[in-house]
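Q: Right, I'll just put the structure down here and ask away after.
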Amino acid sequence: MLAVLPLLVETGWRIKIAFPHQAVAGDHELLADRIVGLDVRGIELATHHEDGTKKSQAQYRQGLAEVIDAHQPDLVWANSLSMSRLCGPVTAKLGVASVGYLRDIVKLSNKAVADVNQLDQMVAVSQATKDFHAAQGVIESKMHVIHNGVDLDLFKPVAGSGVVNVKMELGIPNDSPALLFVGQIGMRKGVDVLLDVFEKVILDLPDCHLLIVGQRHSAKQESIDYESELVMRSQRVPLQNKVHWLHRRDDMPEVYNGADLLLHPARQEPLGRVILESIACGLPVLTTLVGGSPEILGCNDSCDLLCPVDDASTMAQRAVAILQNVELRGAISEELRALALHRFDRKRCHAQTECLLANLTCKFKGKEIRREESWDVNG
């Protein structure tokens, strides 16, 4: 939604975004920064009581209903699976058009499926995501596949300077290969496999370095322990001084251009934005044969970029082959950039999204001409 939000504003949509107020200074800080320069209004959405305790589902829905009733939107966009479940019964009761955004592949209870099915329409980020949810009872006819898009003017190949700047910052020799991982630090993203792959790569390329961009979001103890074990492992031989934990970065186009190969050993991936940003920058990618990833990389000619899940040996072998072959790396880079231009431009995503929103709004209100207003409830 962030990628297409400026385009929606440009084409006349008036948008308000409801934020969980306790998260504005934390997880949603980046989102708040991104909308400052847009004609978008932020609305407080209380998810906790004054004493800090979390509201019940019923109380949360009551708060949603009050916010929607106060602002009278023509359409509500629920920007996550969890928010889609919360919004479904609320918008159905209020008689407000609603769209849910399905960007997760997770098992739902029968009650959650029933809640989501009360939405008028849903957008799935990949065919794999749609198929998964349809198999567990989400109404298939309500789901539309719209692949994510990226800003191809922001994420694009940059020769020379990007590589020098990132490697210089980290003290990496310019002629040393740099592998890149971008994503949440968690089991689902396969960061443990990432380190397995890197250990095998440096047997053939001992001067190689690994850059890890991202942070842990889960507050569960098992997630905290998982991250701690990974960090400790990276500080021991043979990985010592070769793994760079970069946390969150605000200069991702430069980071992509400063690396030689993206490794994305995810165990599940609805449709990886990281992969899309990487191919837009012409950065070769090795990822896993899961979720929506084959919908991005399933047709390339230069090299098989899809590896079996949890197969560190195969990913390492292919990584070494790509890093050692400059011509192959260049061919992959050109092919991936062309793929991004053809299929994953945010303008295409915007056109498909706007068409869905406009048609739903007009149909729901019984109008020939829609009012140019929508909502984005950020989950």
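The values are calculated or read from the model by the stated rules, or taken from the named source; none is laboratory data. Given the structure is predicted, the values throughout are model-derived calculations rather than measurements. In this analysis, Cβ positions are derived from the backbone assuming ideal geometry, glycine residues included, and neighbour counts consider all displayed protein chains.
Q: Looking only at region 150-200, which residues are of a type in the set (D, E, K, R) and out of contact with any Ser or Thr (no Cβ under 7 Å at 6 or more places or on another chain)?
A: Passing the criteria: Asp151, Asp153, Lys156, Lys167, Glu169, Asp175, Arg188, Lys189, Asp192, Asp196, Glu199.
Q: Quick check on Ser98: is it touching a strand residue (DSSP E or B) at 6+ places or on another chain (Cβ under 7 Å), at negative phi and free of Cβ contacts under 8 Å to residues at least 60 places away in the same chain? Before the answer, list the steps.
A: Numbers: touching a strand residue (DSSP E or B) at 6+ places or on another chain (Cβ under 7 Å): yes; at negative phi: yes; free of Cβ contacts under 8 Å to residues at least 60 places away in the same chain: yes.
Yes; evaluated as a whole, the condition is true for this residue.
Q: For region 327-355, give me each residue that is closer than 19 Å to Val99 by Cα and surrounded by fewer than 19 Cβ atoms within 10 Å (Cβ to Cβ).
A: Answer for region 327-355, where residues must be closer than 19 Å to Val99 by Cα and surrounded by fewer than 19 Cβ atoms within 10 Å (Cβ to Cβ): Arg348, Ala351, Gln352, Glu354, Cys355.
Q: Given (1) under 20 Å from Asn148 (Cβ atoms); (2) under 21 Å from the mean Cα position of the chain (by Cα); (3) surrounded by fewer than 17 Cβ atoms within 10 Å (Cβ to Cβ); (4) modelled with pLDDT under 95, identify the lone condition not met by Arg267.
A: (4)
Q: Please specify each residue of region 201-245 satisfying the condition of being more than 19 Å from Asp175 (Cα to Cα), outside any helix (DSSP H, G or I), of a type in the set (D, E, K, R) and at pLDDT 95 or above.
A: Arg236
Q: Find the residue count for region 203-218, including only residues that are aliphatic (A, V, I, L, M) and surrounded by fewer than 19 Cβ atoms within 10 Å (Cβ to Cβ).
A: Number of matching residues: 2.
Q: For the list (1) modelled with pLDDT of 95 or more; (2) in contact with an Asp or Glu (Cβ under 8 Å, 6 or more places away or on another chain), I need the number of the one condition that Ile332 fails.
A: (2)
Q: Consider region 286-335. How many of its residues are without any contact (Cβ under 8 Å) to a residue 40 or more places away in the chain and of a type in the set (Lys, Arg)?
A: Matching residues across region 286-335 total 1.
Q: Could you please tell me which pairs satisfy a Cβ distance under 8 Å, a separation of 6+ or placement on different chains, a first residue in region 130-153 that is farther than 24 Å from Phe344 by Cα, and a second residue that is assigned to a helix (DSSP H, G or I) and hydrophobic (A, V, I, L, M, F, W, C)?
A: Sorted first by the residue in region 130-153, then by its partner, the pairs are Gln136/Val113; Gly137/Val113; Val138/Val113; Val138/Val116.
Q: Also, quick follow-up: Given the condition at pLDDT below 95, acidic (Asp, Glu) and within 30 Å of His247 (Cα to Cα), answer yes or no: does some residue in region 163-172 qualify?
A: Within region 163-172, one or more residues are at pLDDT below 95, acidic (Asp, Glu) and within 30 Å of His247 (Cα to Cα).
Q: Please go through (1) in contact with a helix residue (DSSP H, G or I) (Cβ under 7 Å, 6 or more places away or on another chain); (2) more than 20 Å from Glu334 (Cβ to Cβ); (3) buried (at least 22 other Cβ atoms within 10 Å of the Cβ) for Ser313 and return the number of the only condition it doesn't satisfy.
A: (3)
Q: Got a sec? Which of Ala112, Ala134 is modelled with pLDDT of 95 or more, under 17 Å from Gly291 (Cα atoms), among the aliphatic types (A, V, I, L, M) and over 19 Å from the mean Cα position of the chain (by Cα)?
A: Residue meeting the stated conditions: Ala134.
Q: So, one more: Sort out which residues of region 357-379 are at pLDDT 70 or above and either surrounded by fewer than 17 Cβ atoms within 10 Å (Cβ to Cβ) or within 12 Å of Trp13 (Cβ to Cβ) (or both), and write them in order of number.
A: Selection gives Leu357, Ala358, Asn359, Thr361, Cys362, Lys363.
Q: Give me the residue from region 48-82 that is touching a helix residue (DSSP H, G or I) at 6+ places or on another chain (Cβ under 6 Å) and not in a helix (DSSP H, G or I) and, out of that set, surrounded by the fewest Cβ atoms within 10 Å (Cβ to Cβ).
A: Taking the candidates together, the pick is His48.
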